[in-house]
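The values are calculated or read from the model by the stated rules, or taken from the named source; none is laboratory data. Predicted model, so just to flag it, every value in this text is computed and none were measured. Note that we place each Cβ from the backbone using ideal geometry, even for glycine, and neighbour counts take in every protein chain shown.
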Amino acid sequence: MNIQTHLAICKKLCGEPVIVSAGQSRVCLTTTPVMAADDAGLVHGGFIFGMADYAAMLAVNHPNVVLGGAQTTFTKPVRVGEALEAHAVVQEESGRRRRVEVTVYRSEDVVFTGVFQCHVLDKHVLA
């Protein structure tokens, strides 16, 4: 894997890349108690979104890729301790824009789907 983006990301919160290749990625994450939204162990959706966003960035895999927008659906709840895998695939490329579809699985169950609008910039967004 030749990862070129988001090199300083916290893998404990966003997941561990297991596949990064041309136009696709897979990221694995086991949810932890710090991700809990309540005493029942429900994982806050922001952590699932963060994992999916990271997978989308890795599918594009450019040093200056940023997220422009996303359309997402949470399909099932996630509990602390569950293992997740995000699959991201670049579906469309137009100039600087990339449309990336991401599906997050818990075993065979889909817990999240999203379409991420990514932009590849000439220089870092903060430069």
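What the table below lists for this structure:
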| item | result |
| --- | --- |
| Some residue of region 63-73 being among the hydrophobic types (A, V, I, L, M, F, W, C) and more than 18 Å from Arg97 (Cβ to Cβ) | no |
| Meets criteria (within 14 Å of the chain's Cα centre (by Cα), crowded, with 16+ Cβ neighbours inside 10 Å and either in contact (Cβ under 8 Å) with a residue 24 or more places away in the chain or more than 20 Å from Gln4 (Cβ to Cβ) (or both)) for Ala59 | yes |
| Sole residue being more than 25 Å from Met1 (Cα to Cα), within 13 Å of the chain's Cα centre (by Cα) and surrounded by fewer than 22 Cβ atoms within 10 Å (Cβ to Cβ), chosen from Gly81, Gly50, Gly41, Gly46 | Gly46 |
| Any hit, region 116-123, residues being loosely packed, with under 12 Cβ neighbours inside 10 Å and out of contact with any strand residue (DSSP E or B) (no Cβ under 8 Å at 6 or more places or on another chain) | yes |
| Odd one out for Tyr105, checked against (1) within 22 Å of Gln4 (Cβ to Cβ); (2) surrounded by 13 or more Cβ atoms within 10 Å (Cβ to Cβ); (3) free of Cβ contacts under 8 Å to residues at least 60 places away in the same chain | (1) |
| Those residues of region 65-78 which are outside any strand (DSSP E or B) and buried (at least 16 other Cβ atoms within 10 Å of the Cβ), in sequence order | Val78 |
| Residue identified as part of a strand (DSSP E or B) and more than 26 Å from Thr31 (Cα to Cα) among Glu93, Glu85 | Glu93 |
| Scope region 9-38; condition loosely packed, with under 15 Cβ neighbours inside 10 Å and either part of a helix (DSSP H, G or I) or of a type in the set (Ser, Thr, Tyr) (or both); matching residues | Lys11, Lys12, Ser21, Thr30, Thr32, Pro33, Val34 |
| Failed condition for Ala22, given (1) more than 12 Å from the chain's Cα centre (by Cα); (2) over 24 Å from Ala127 (Cα atoms); (3) modelled with pLDDT of 95 or more | (3) |
